[in-house]
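Here's the structure we're looking at; comments come further down.
What follows draws every value from the coordinates through simple rules; no lab data is involved. Because the structure is a prediction, the values reported are computed rather than measured. A quick note on method: Cβ atoms are made from the backbone with ideal geometry, for glycine too, and the neighbour counts reach across all protein chains shown.
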Amino acid sequence: MKNTLTAAFLLAASLLGQAASAGELQLFSREDFRGQRVVIADGAANNFRDFDFNDRASSLVVRSGTWELCEHVNFQGQCAVFERGEYPNLRQFNNNFSSAREIERRRDRGQGWGRDNRDDRDDRWREERREERRDYRGYEQEQRGPAVELFNDNGFRGRIVQVNNDLSTLRDVHFNDNANSMVVNYGTWEACEHADFGGQCRTFAPGRYPDLRDFSDRISSIRRVR
């Protein structure tokens, strides 16, 4: 029986009739890229049970694109973002992923992707959507309080910093590399280990995170992604 399975999931074409960007993610059932391999290309896999790989990934390779992997189906629960590279050990996410999808590439990180006219149109569209989200978020803040609460100790103890807007550096609020627990009241937020959303990043859906584990004392920037 072959030890390589290929799962191809196609994204819908845009309204302009243009195909979505093609990324490729390889998952392995054992550390150091050993064991059974599954390849996900061109989009998303919202349930790893579809190809008998639920909670089995122990290492991975991102050959192209930027991918978000989540612990529950349909991209729910705690998620982590992986850019192009090799990840021989998934640490606390070992045998814990159930869904994956390609997300927007970050052109500002020197990955070598070019720009074209479609990129300019996409940039204008994204800026319009950001303006709409800012208006709505202002309403949310009035109605629901802080979007994110960061604590400098486990179990939601110690000093607290409330976050409602994107922060490119937590030095601005004197909280760089201090977060050990977190509450996300609404929205989905991406926290990164370096300023300007660089380095390893993870996404957090609404919920309570009493222990950030190996991401403790590592968050330097945070922004809302949904």
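Things worth noting here:
- Which of 218, 226 has the fewest Cβ neighbours within 10 Å, and the rest in rising order: 226, 218
- Listed values for region 201-217 are Karplus-derived 3J(HN,Hα) couplings in whole Hz (6.51 cos²θ - 1.76 cosθ + 1.60, θ = phi - 60°), namely 10, 9, 9, 10, 7, x, x, 10, 10, x, 8, 7, 6, 6, 9, 5, 6, and x replaces Gly and Pro.
- Exposure proxy shown here: for 163, 81, 225, 173, the number of other Cβ atoms within 10 Å sets the order, fewest to most, as 173, 225, 81, 163.
- Inter-part distance, region 160-193 to region 45-89, computed on C-alpha centroids, equals 24 Å.
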